[in-house]
Every structure is written in structure tokens, then in C-alpha cells.
């Protein structure tokens, strides 16, 4: 997470569910042509490896901060 989230940002993963748990997806990573969806917790846990091996990823975890004010509530 870098700096303060932009409240004017348009988020695209609204309503999607994570592949690894029933939480809302806030990040996606494409591995071998397959899009994997992650909640903010699992994204933070695995993003280091995923961003190294994937050619396309999207991190919308700023939406958590805009919604709750705290990333620990998700």
C-alpha cells in the first residue's frame, strides 16, 4: 500500500469473490493465462511471489481503506 487511497478511483473488482476464500476479491493476478482472484488478506500474503511470476496483475486493496479506514478489518 503506497500513500493515501484516491477516493475518485474507479474500482473494477466490485462483487467478485476470491478464489481462495469467500471474501470479496480486491486483487487479481494472471498466471499462465488464468485470472486468480484474491481477497486483500491473501493478496498481501502472496503478492511478493505473484508479482514476480505474473505478467498481469491488478491490486485494488485501496478500496478496503476507503471503505473501512483500516486494512485489518477485512
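Laboratory data are not the source of any read-out in this text; all were calculated from the coordinates shown. The structure presented is a predicted model; accordingly, all values stated were derived computationally and were not measured. Cβ coordinates were reconstructed from backbone atoms using ideal geometry, including for glycine residues, and neighbour counts include every protein chain displayed.
The table for this structure:
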item: Cβ crowding within 10 Å averaged over residues, with 51-61, 22-32 ranked highest first; result: 22-32, 51-61
item: Cα-projected label distance for residue 32 with residue 53, points at 7 Å along beta-carbon direction, nm; result: 0.9 nm
item: 44, 17 arranged by Cβ crowding within 10 Å, fewest neighbours leading; result: 17, 44
